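Data block below; observations after.
Read-outs throughout are calculated quantities, based only on the coordinates presented, and are distinct from any laboratory measurement. Only a predicted model underlies this, so the values are computations on that prediction, with no experimental measurement involved. We place every Cβ from the backbone using ideal geometry, glycine too, and count neighbours over all the protein chains shown.
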Amino acid sequence: MALFSYRVRFDYGCAPNPFYGVCTLVICKPRIRAHARVGDWVVGTGSAASPAGDLSGAVVYAMQVTRALSMRAYDAWSVRRPRKRPDPAHTDLRRQVGDSIYDFASDPPAVRPGPHTVAERDHDLSGRRALLSTRFVYFGRAAAPLPPHLLGVVKVGPGHRSASNAPLVAPFVAWLESLGHPWGSVLAAPAGWPPGAELPSLGCQPRVAEPGAAADTGGVAGCSGFVARPRPRCR
């Protein structure tokens, strides 16, 4: 079991996308997506330049990979989970930042209007795989400070850490579990959302059954009527 860690420079709720019961990493971080396997952990720590303040040394999210799909298979998976597809006109910010951006009905895949554009397509698709998790905690702008003995998890600068995290995997998981948050918890809005924007509901979200889940077609109440146009540039 490996632990991949990196700095989340831009947290708009699209990479990762922790909404609707499944945390997904589908765009950005192609090297992590190419190498992480089911059972591995992916941990994003905050940036000193976060809009929410200095979040360095704090955990924005942690997910244990429970499923990995090809990018094409993720596009098919999202057919029955349309809230994972971006809808830039929606008043609910979660719907705007869906990460199922690439439409494999064409070759090369068309880019749905959303957080990334065709300029990011080659970079995103180079990761080849989408990572999914029902075993996660997303802290968002309320990032959880790491205790001193776990600060070695923090990756300073671009890229990611994995091999050097090996001695920290068990202590990190023990610490995360000690916080007492149920798996699937979304505890705060993303740091990149406008000030005052909140989620319609916080806490543990209903999980999506895997596989063969019922179609996910429901909408939710909008959050404050903000219309975001995030264009995160992530590597």
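Annotation: the residues 172, 10, sorted from fewest to most other C-beta atoms within 10 Å of their own C-beta, follow the order 10, 172. Fully extending the segment from residue 104 to residue 142 would add 10.1 nm, taking 0.36 nm per residue of separation and subtracting the current Cα-Cα distance. Per residue, the average separation of C-alpha pairs within less than 8 Å and at least 6 apart gives segment 3-204 a relative contact order of 30 percent. Around residue 98, what is the net charge, scoring Lys/Arg as +1 and Asp/Glu as -1 over all other residues with Cβ under 11 Å from its Cβ? Within the 11 Å Cβ shell, the charges total +4.
Could you tell me what % of all Cα pairs in segment 3-204 have separations over 30 Å? Here the tail beyond 30 Å accounts for 15 percent of pairs.
Computed from Cα positions, the angle between helix 169-178 and the longest principal axis of the chain comes to roughly 80 degrees. About its Cα centre, the chain has a charge dipole of approximately 380 debye under the convention of +1 per Lys or Arg Cβ and -1 per Asp or Glu Cβ, with nothing else charged. Here 38, 137 are placed in order of increasing Cβ neighbour count within 10 Å, fewest first, which gives 38, 137.
As a rough footprinting exposure proxy, the listed residues 155, 29 were ranked by other beta carbons within 10 Å of their own, and the order from fewest upward is 155, 29.
Taking every DSSP beta bridge that has both ends in segment 3-204, the antiparallel portion is near 80%.
The three principal axes of the C-alpha atoms in segment 117-207 carry coordinate ranges of 41, 36, 27 Å, sorted with the longest axis first.
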